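The values are calculated or read from the model by the stated rules, or taken from the named source; none is laboratory data. Remember, predicted model here, so these are calculated numbers, not experimental data. Cβ coordinates were reconstructed from backbone atoms using ideal geometry, including for glycine residues, and neighbour counts include every protein chain displayed.
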Amino acid sequence: MQPNIADALAFEIKQELANRYFGFRTLIEEDKLALADKIRQHAFILEKRISFDLIRIYILIRDEGLIGEFLALVNIPEQLFYDPYLAESESIRQRVFAGLAIRGMTRKGCFANTVGDCYLRLVEHVGMYREKFAELEAAREEISAEIAHFYKNNDLGSILYFLRGLGDVTLSGAMQGGMEPDLAQALEQKLRIELPEPVSNFLPLLPPLPPLGAIARELQSIIDRAFSRQGPDIHDYLTAQTMLGRLNRRLLL
């Protein structure tokens with residue numbers, strides 16, 4: 001039995017709507033997967049760079065009360081990457097301080113310069129992190145805008161009810177069966193493209209850190225008290241790690 005013109009037209013309309021919807025859905029899902037991959041990469045950078053900067057400072061300051069003062073001073077979320085175990089683990093200390101250059105004429109001066117240098121690197125890395133975070137959030141907003149624009153011009157509920165008037169629905173094998181009102185509503189919910197979650201659901205939003213000059217006096221107070229509680233041994237330890245790092249680099253050349 002040859003299909004009549006109405007059946008052929010209905011099939012073409014269904015096929016066109018299916019291609020439009022599922023083609024867009026495929027592109028959006030690819031964009032969302034790409035965004036998720038970039039977020040994972042940035043999480044690794046956060047852990048590798050910022051965590052090392054902070055862990056060095058935690059080990060140098062060591063005292064938990066002074067660490068709390070430092071975090072409050074620079075407005076870092078409380079105890080980010082902090083664990084009391086850090087100060088006790090020799091393997092972690094060796095890893096984060098290996099090859100770290102120290103400078104200064106006195107033991108206390110070297111200690112203060114090391115803390116200051118670690119903080120300068122932290123400021124730089126947090127700035128880079130915030131720029132990338134903003135880029136990721138902009139990409140998320142762009143994907144969300146594309147989804148909103150698509151649904152503004154292609155109302156899924158209206159499309160499904162329109163197809164109901166054409167008979168049973170078959171869209172690329174994904175929509176089948178009689179289009180009763182309840183089924184149409186359930187199908188619309190199932191097929192609706194979800195907006196990507198905010199980047200802050202996966203990565204912490206870190207505030208900009210104050211420049212070293214703006215907190216120099218308060219930070220120096222923390223450094224003075226930290227050094228008095230650790231004594232000159234910390235200078236000897238840092239010197240040993242610097243020499244060890246240089247030796248390892250020479251052996252690799």
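Numbers at a glance
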{"read-out": "Output for the stretch 71-107, where each listed residue is among the aromatic types (Phe, Trp, Tyr) and either surrounded by fewer than 14 Cβ atoms within 10 Å (Cβ to Cβ) or over 24 Å from residue 214 (Cβ atoms) (or both)", "value": "85, 97"}
{"read-out": "Filtered residues of the stretch 191-218 (kept if closer than 22 Å to residue 71 by Cα, in a helix (DSSP H, G or I) and in contact with a Phe, Trp or Tyr (Cβ under 7 Å, 6 or more places away or on another chain))", "value": "212"}
{"read-out": "Residue ID - surrounded by the most Cβ atoms within 10 Å (Cβ to Cβ), chosen from residues in the stretch 115-154 that are among the aromatic types (Phe, Trp, Tyr) and farther than 20 Å from residue 34 by Cβ", "value": "119"}
{"read-out": "Checklist (1) modelled with pLDDT under 80; (2) surrounded by 12 or more Cβ atoms within 10 Å (Cβ to Cβ); (3) not aliphatic (A, V, I, L, M) applied to residue 49, failing item", "value": "(1)"}
{"read-out": "Cβ-Cβ under 9 Å pairs, at least 6 apart or on other chains, the stretch 69-94 side under 15 Å from residue 123 (Cα atoms), far side polar (S, T, N, Q)", "value": "71/79; 80/51"}
{"read-out": "Every pair of residues 6+ apart whose Cβ atoms lie under 9 Å, when the first sits in the stretch 15-34 and is modelled with pLDDT of 85 or more while the second is surrounded by fewer than 17 Cβ atoms within 10 Å (Cβ to Cβ) and not polar (S, T, N, Q)", "value": "27/146; 28/146; 31/142; 31/146; 32/194"}
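Here is a yes/no grid of residues against (1) within 25 Å of residue 225 (Cα to Cα); (2) polar (S, T, N, Q); (3) modelled with pLDDT of 80 or more:
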site	(1), (2), (3)
36	no, no, yes
43	no, no, yes
66	yes, no, yes
101	yes, no, no
